[in-house]
Amino acid sequence: MLSLAKSKSSSVSSRVDMNNNNNNPGELEIRPGGMFVQMRNSESSNRSSVSVPTIKVRVKFGSTYHEVLISPQASFGELKKMLSERTGLHPEEQKLIYKKKERDSKGYLDVARVRDGSKIVLVEDIINRERRCLEMLKIAKFQKDSNSIAQICLQVAKFAQQVTDLEAIASRGVELTDEHLDNLIGNLMTELVKLDEIVVEGDLKLQKRKQEKRVQSYIETLDLLKLCNTKLSSKSGEVPLQKQEHSYGKVTVPLQKQAKQRNLTELKHPFRDSDSFVVTTKWETFD
């Protein structure tokens, strides 16, 4: 038994020595199965990794040359990003021409056989620049319209609360002031005009229509409240007028009777209230 153990240990040690000789000396570790393997080391892995070389590319833009250090495995799109910092052109506004052929941004330098010292021409893509400017203007307009509609929504929400409060007051039979109703209707009409001036498409158009219907419903509600308020004020004004007519009727009737009786007495006794006088039959003649 001892001889067998010694023979096994000698065979294992010989294998370890062979592995050390073949794979360079290093620390070993035992795996659960009893296998000896070399310990992993980040430094050794970094050393074993192959460093990618870089090439120097000369890029002509106008009358100037730009020397760029870049990996041959990089794409033309990555080269455009590096040139964007130096030229100020957006990558979408660049055209890279190599060997009299425009190169796609997704293409790779090594596939196009770009080598160290190769010359590439950079040209400004005017069409893409104009298209990009239009897209930027469109995005800016969309953001502006979106903010405008959002502000109108907030303002309408404040007016909506006032309409709800007025409805609650009117439901209790309390008379509202026409000035307050007119001011609120005017404010809502102003917001409706603002919405009408905004020209949008897509989702913003649906949002705009929703707000327009909302504002119109509030204006209609205020018109109904104003009509009810007018009816209340007219009813309250009719009651004192009727009372005055009845009171005047009671006073004028006896006054008319008294005037008629006075006229009759004057006709019957025309000289009752006059001064005393003398009746005579003697007549005096004058030559």
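The values are calculated or read from the model by the stated rules, or taken from the named source; none is laboratory data. Predicted model only: the values in this text are computed from it and were never measured. Glycine also receives a Cβ, built like all others from the backbone with ideal geometry; neighbour counts cover every protein chain displayed.
Once region 210-227 is narrowed to residues that are touching a Leu at 6+ places or on another chain (Cβ under 9 Å) and either not polar (S, T, N, Q) or not in a helix (DSSP H, G or I) (or both), the residue that is surrounded by the fewest Cβ atoms within 10 Å (Cβ to Cβ) is D223. Any chance you could count how many residues in region 96-134 are surrounded by fewer than 17 Cβ atoms within 10 Å (Cβ to Cβ), in contact with a Leu (Cβ under 9 Å, 6 or more places away or on another chain), part of a strand (DSSP E or B) and in contact (Cβ under 8 Å) with a residue 12 or more places away in the chain? Residues in region 96-134 being surrounded by fewer than 17 Cβ atoms within 10 Å (Cβ to Cβ), in contact with a Leu (Cβ under 9 Å, 6 or more places away or on another chain), part of a strand (DSSP E or B) and in contact (Cβ under 8 Å) with a residue 12 or more places away in the chain: 4 in total.
Of all the listed residues (E175, E167), the sole one being modelled with pLDDT under 90, over 19 Å from the mean Cα position of the chain (by Cα) and within 21 Å of E212 (Cα to Cα) is E167.
Being more than 30 Å from G202 (Cβ to Cβ) and without any contact (Cβ under 8 Å) to a residue 60 or more places away in the chain: is that true of K138 here? No; evaluated as a whole, the condition is false for this residue.
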